[in-house]
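For reference, the structure is listed below as structure tokens.
The values are calculated or read from the model by the stated rules, or taken from the named source; none is laboratory data. As the structure is a computational prediction, the values presented were derived from the model and not from experiment. Neighbour counts are summed over all protein chains in view; Cβ atoms, including those assigned to glycine, are modelled from backbone coordinates with ideal geometry. Heads up: the accessible areas ignore ligands, DNA and RNA and are worked out on the full protein's heavy atoms, side chains in. Shrake-Rupley method; radii C 1.70, N 1.55, O 1.52, S 1.80 Å.
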Amino acid sequence: MTLTRAERLTLTRAEEDVMADLRYQDEKDASRYALYDGDSLVAVIDYADDGSTVAMTRAFTIPTFRGKGYAGVLTEHAIADLEQRGDRKVSPVCWYVAEWFEKNPDRAGIVAAR
């Protein structure tokens, strides 16, 4: 099925509306970034922070929410948060986060040297 340009724009706006209802949180006490839809946990990125580097060790989306792009949204927020803070590098230990950086090479400036 091929969508018209207008239909593609409508879908994009609808997706943006869904994403606008999401809440992002850095849960430092649990060493994770979390994404919520209302009170429902949607996705997490576990991390280890040594004070100079944040090792992102696991990305996980709750099975009922998979396939909707939530892990990418969460990764984007987590990286943007770290870029804004400016005091940490990222070690993409998790395969998903590593692939995210491959798809977003303009953001690789925050990746820790190996």
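So which residues in region 96-108 are open to solvent by less than 60 Å² (accessible area, probe 1.4 Å) and assigned to a helix (DSSP H, G or I), if there are any at all? Selection gives Val97, Ala98, Trp100, Phe101, Arg107, Ala108. The set of residues in region 62-95 that are hydroxyl-bearing (Ser, Thr, Tyr) and either crowded, with 18+ Cβ neighbours inside 10 Å or on the phi > 0 side of the Ramachandran plot (or both) comprises Tyr70, Thr75, Ser91. Restricting region 21-33 to residues that are touching a helix residue (DSSP H, G or I) at 6+ places or on another chain (Cβ under 7 Å) and modelled with pLDDT of 95 or more leaves a set whose member that is most open to solvent (accessible area, probe 1.4 Å) is Tyr24. Within region 34-44, none of the residues are in contact (Cβ under 8 Å) with a residue 12 or more places away in the chain, under 19 Å from Val111 (Cβ atoms) and either assigned to a strand (DSSP E or B) or open to solvent by 60 Å² or more (accessible area, probe 1.4 Å) (or both). Exactly one residue out of Ala48, Ala30, Ala80 is free of Cβ contacts under 8 Å to residues at least 24 places away in the same chain and under 15 Å from Ala112 (Cβ atoms), and it is Ala48. Scanning region 47-56 for residues that are among the hydrophobic types (A, V, I, L, M, F, W, C), within 18 Å of Pro105 (Cα to Cα), assigned to a helix (DSSP H, G or I) and modelled with pLDDT of 95 or more turns up nothing.
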